[in-house]
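Notes follow once the structure below has been shown.
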Amino acid sequence: MTDRLAGTFFFLLAAGYVWLSAGYTAGFGDPLGPAIFPRVIGIPMMILGLSLAIWPRHNASWSDAGGLLRQAAAIGLLLGYALLLEPLGFVPSSFAAILGLSLMMGAPPIKGLLTAAIAAPGLYLLFDRVMGLPLPLIGTWFT
Amino acid sequence: MIWKMTKLKAVGLASAMLFAAPAMATECIAPADPGGGWDFTCREVGRILSSEGLVDGNVQVTNMPGGVGAVAFANVAGKRADDAELLVATSTVGVTQIAQGKYPAGIDTMRWLAMLGADVGVIAVDADSPYQTLDELMAALKEDVTSVATAGSTGAGGWDHIRLMMLAQAAGIEDIAAIRWVQFDGGSPAVTQMMGGQVGVVSTDMGEIKGFIESGDIRVLAVLADEPISAFPDLPTAVSQGYDVTGYNWRGFYTGGDVSDEDYAAWVERLQKLYDSDAWKEVATNSGLEPIWRGGDEFAAYVAEQEQQMAEISRQIGVIQ
Amino acid sequence: MDILASLWAGFSVAALPINLALIIGGCFAGTLIGALPGLGPVNGVAILIPLTFAFGLDATSSMILLSAVYYGCMYGGRISAIMLNIPGDEPAIMTTLDGYPMAKKGQAADALAISGVASFIGATLATVGLTLFAPMLAKAAIYFGPADYFALYVMAFATIGGITGSDPRKTLLAALLGLMLGTVGLDPSTGVARYTFGSFHLYDGFDAIVALVGLFAISEILFFLEGKAQSSGLVPPGRVFPRLSRVKEGLGASLRGSVIGFIAGILPGAGASLGAVMSYSAEKRISDKGSFGQGDPRGVAAPEAGNNAASGGALIPMLTLGVPGSGTTAVMLAMLISLNIQPGPLLFQRSPDLVWGLVAALYLANVVLLVLNLPLIGMFTRVLGLPVWGLMPLVVAISYLGVYAITHAAFDLLVMVGFGILGFVLRKLDFSLVPVVLGLLLGMDMENNLRRALSISGGDFTILVQSPIALTIYVLTGGFLVLSLYLSRRDRSRTLD
């Protein structure tokens, strides 16, 4: 079943990809143009996707409700980390992200807290101060 | 010794490092990955600014790659338009992008500070090439525009391509868009492919391919400068051969559009002092740049004129409608 | 015996105390940077450039430091690939294929030792090649035109099919997906923005490191969250000390991988990733009896020898022509120029101290890396014993940092999470991720070289098969495919007997 879905998805993706390629034109100096290579990729992809949808071989099994919930929460946390890194600053946001992820993965609360409390400023020191890659220590919300 | 430090001291030192007020106020954004031309402009100029005492502390270099400078441009326009401690490195390449509408806004969004030097365009052929002079090459192209495959480090519509188109136009070639153009990932790959016989002519910046000129592997038909350049005074310019075309790739800076006149003037003055320093002259010549100064309003006017020129030729070859 | 005399002079430069210290420090820093997901050799080298200015190093010492870091990264990339199934940098992707399965079987120490020795062999042979043949090889590489490069990429993708996975359709789909993602961004030939949907952030396309970390590291986390919360390690630490017998199994593969990788490295633009891919797929054709992908030592040795040999090979066009063979050598070249050393054909004559000092330093760096890496194996395997809840959140934070520190764009972090979800779903659906990354890494160059070839010929497709080099590559590819078909038939009839 999942193969059928995946095949259909790839077919639609490739079809959209090929369709969009029609808009890419350059009227000078380039015999092949920017649209041909996407078609060379997209058309076989449509065929393969279709074949997967018609003759599936594999069925993926997903985890139970608890697992799915944890995965969704983790994705939410990762997106939040990405979005809040600048506003909150590196150290607070990393602290929260490391703590959250480690608790989700089953860390004993005290140890998780300790890991996050050491790692967040430690990584800042390593990157910003030792390697010279500038990072926001405190975010734009606090200044 | 470090290993003997007690844990307490280590924690103290670490927190001191963590919360020590950053001594750097000035920031230079390099709108590219580390290692590129814009990155080096920021790093070198930043280094000299602080070693000459023109700014307090160090200049922090921030890499903000994306969209050939468009990401940094949008970021400064949106978030830091009034930040008086901010420099953004740019060059002719950035202006080409603006002229072709590939940045989120036009040149008047920013305040253009100064250019500190320029790389010079060259037109080169292989040492074994039948073309001895620019005239011979242009004559061949005039007879049949597809007779020679030309190449450079930018795509069609990029600065390397446009410079060649300007020359072809000056030579009276009409169907310039039909000239075969091949893009390579840099000037030296283009030159080696020319030495391997894949293409006939290379148009690119001189800095990157100096080594091949010195070794005699390639022949320079024209230097796109007003005057012969100091590193190779014997190489002929296009101007001296009767083609009124120059093609500099300058390196300079802009800052946000809302920076006050006072701060703007102060930056122009600091950059002029930097330009006059021996340290900059040395860095510039080392990296293959001709030190050329244009600052303040003069520079802003120059950028505006260049943008006009680029937009026009881009329209002629069909890069923009 | 010009070369020997020059090399001897080179060793006298490299053996200066300051240079020795730089070699050791650079190797160590490089190994660490390479092992951290999200930081590759390009970043490693770029990070150290300001440092060389700060120390006021001369050109030779600077290049020695940067090259030691470069070699160190190549060694380091394999560590997280083997232990966490997360390649530390692009060329290490092939090492996950057999390295991680070995670690899962409790043979992490063996895999680390095999890859360490293979890296040593690859890098040393490449350095020997560099010493003896550099000018000659550079001359040959010039004659490799766009049509020939295109043939090379066709070969790489034609042989991908057999690399991984149960369903060849899925391997192909994965590669096509990678190629598709590779077309996002400004088209280099014409500047047309493709599939960017109006976002300037997508103009440069998807960064390989962002994709790599997302696909491998983030998806790994989602996998862990699948089961019940666990407090044990990722994989069994197993033995702490590697066994010599296992290391010996990888020797033949290392030698073969070195040769293939070296050739890929000499060609500017092909680089270490291609070297690793070709070494692995060639080795699989030659020696696979069904054990590849399940943790075969030869599947670890071949790509590691390949990518290290390729990085050595990439120094040849850089030193002899001034043409960067990879992103890292591009940064090193820019560095040379700013130190008033003009790269190009005259470098060997003008700066013999620099060139031969560097070459000698590379020999020393290899030895240092081997000596440094083997005792560290025990330490690395102990990392495997750390609980997942401690290790994986750190990997995430480091990845975020590595990406953010280089691009300063939260957008790239979101893209990374997106790649993570994509990687998770693909793995769930039994797609291999390696072809996706290869498509993304190599697709752009493949298209560009095709476009270049056709620009040169003015649209005439016969240019693709006119050059004898391209023809040879196509014949080899054909032979390769026929051979593997024959071998798989033979194996099947054997199992029937």
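Just so you know, all these numbers are worked out from the coordinates, no wet-lab data involved. As the structure is a prediction and not an experimental result, all values here were calculated from the model. When we count neighbours, we look across all protein chains shown, and the Cβ atoms used for this are built from the backbone with ideal geometry, even at glycine.
Rg/Rh for chain B (Cα atoms only, Rh after Kirkwood) is 1.05. Near the amide H of B:ILE320, within less than 5 Å, lie the amide hydrogens of B:ARG315, all on another chain or at least 5 residues away, with H placed in the peptide plane. With the simple model of a label 7 Å out from the Cα in the direction of the Cβ, A:ARG4 to C:THR472 spans 5.2 nm.
When only Cα pairs below 8 angstrom with a gap of at least 6 residues are kept, region B:97-185 shows a relative contact order of 27 percent. For the segment A:92-101, counting C-beta atoms of other chains within 10 Å of every residue's C-beta and taking the mean gives 3. Using the Cβ of C:VAL45 as centre and a radius below 14 Å, the other residues enclosed give a net charge of -2, where K and R count +1 and D and E count -1. Taking 25 Å as the limit for the C-alpha separation, the pairs C:LYS170/C:LYS248; A:LYS111/C:LYS428; B:LYS102/B:LYS210; B:LYS79/B:LYS102; C:LYS105/C:LYS248 exceed it in the case of C:LYS170/C:LYS248; A:LYS111/C:LYS428; B:LYS102/B:LYS210. What shape does region B:120-241 have by the C-alpha gyration tensor, where a ≥ b ≥ c are the square roots of the eigenvalues, rounded means a/c under 1.5, and otherwise prolate means a/b greater than b/c and oblate the rest? Here region B:120-241 falls in the rounded category. Summed over all non-identical Cα pairs, the Kirkwood treatment of region C:17-106 gives a radius of 13.2 Å. For region B:29-117, the fraction of alpha-carbon pairs lying more than 20 Å apart is 32 percent, rounded to a whole number. When only Cα pairs under 8 Å and 6 or more residues apart are kept, what is the percent relative contact order across chain C? Reported relative contact order: 28 percent.
For chain B, relative contact order (Cα pairs under 8 Å, six or more residues apart, normalised by length) works out to 25 percent. For the peptides C:436-442, B:236-242, the ranking by mean Cβ contacts within 10 Å, running from highest to lowest, is C:436-442, B:236-242.
The amide H of C:ARG194, built 1.01 Å from its N in the peptide plane, has C:GLY185, C:LEU186, C:ASP187 as neighbours under 5 Å, considering only residues 5 or more places off or on other chains. Between B:ALA140 and B:GLN169, the FRET efficiency estimated from the beta carbon spacing at R0 = 22 angstrom works out to 0.85.
Ranked by the mean number of other Cβ atoms within 10 Å of their residues, highest first, the peptides C:30-36, A:86-92, B:194-200 fall in the order C:30-36, B:194-200, A:86-92. Membrane-span-like helices in chain C, defined purely by DSSP H runs whose alpha carbon atoms cover 30 Å or more axially and whose average Kyte-Doolittle hydropathy reaches 1.6, are C:352-384. Applied to region B:294-305, the Karplus parametrisation 6.51 cos²θ - 1.76 cosθ + 1.60 on θ = phi - 60° returns per-residue 3J(HN,Hα) values of 9, x, x, 5, 4, 5, 4, 5, 4, 4, 4, 5 Hz, with x for Gly and Pro. Mean per-residue shielding of peptide B:303-314 is 0, counting Cβ atoms of other chains within 10 Å of each Cβ. Per the Debye formula on identical point scatterers at the alpha carbon atoms of region A:2-54, with no solvent, log10 I(q)/I(0) at q = 0.15, 0.17, 0.26 Å⁻¹ is -0.44, -0.53, -0.87. Here the label points at C:SER12 and A:ILE47, each 7 Å from Cα along the C-beta direction, are separated by 6.5 nm in the simple model. Each of the peptides C:413-420, C:128-135 was scored by the mean count of other Cβ atoms within 10 Å over its residues; in descending order, highest first, they stand as C:413-420, C:128-135.
Between the helical axis of A:2-21 and the dominant principal axis of chain A, each derived from Cα atoms, what acute angle in degrees is found, rounded to the nearest 10? Once rounded, one gets 70 degrees. Spin-label pair B:SER240-B:ASP128: with each label point 7 Å from Cα along the Cα-Cβ axis, the two points sit 2.9 nm from one another. Among the residues of A:116-123, the average count of other protein chain beta-carbon atoms within 10 Å of the residue beta-carbon is 3. The alpha carbon radius of gyration of region A:65-142, expressed as a multiple of 2.2 N^0.38 Å, is 1.17. Within the shell of other residues whose beta carbon sits under 15 angstrom from the beta carbon of B:GLY295, the net charge comes to -1, with Lys and Arg scored +1 and Asp and Glu -1. Taking a ≥ b ≥ c as the square roots of the eigenvalues of the Cα gyration tensor, region A:1-129 is oblate, since a/c reaches 1.5 or more and a/b is not larger than b/c. Let me know the shape class of the protein assembly as shown, please: from the alpha-carbon gyration tensor, a ≥ b ≥ c as square roots of the eigenvalues, rounded when a/c is under 1.5, otherwise prolate if a/b is greater than b/c, or oblate. Rounded, since a/c falls under 1.5. With 5 Å bins beginning at zero, the pair-distance distribution over Cα atoms of region C:332-372 amounts to 6, 21, 21, 22, 13, 11, 6, 0 %. Convex hull volume of the Cα atoms of region C:52-199, normalised per residue: 216 Å³. Calculated FRET efficiency, B:ASP56 to C:ASN340, Cβ-Cβ distance, R0 = 25 Å: about 0.30 to the nearest 0.05.
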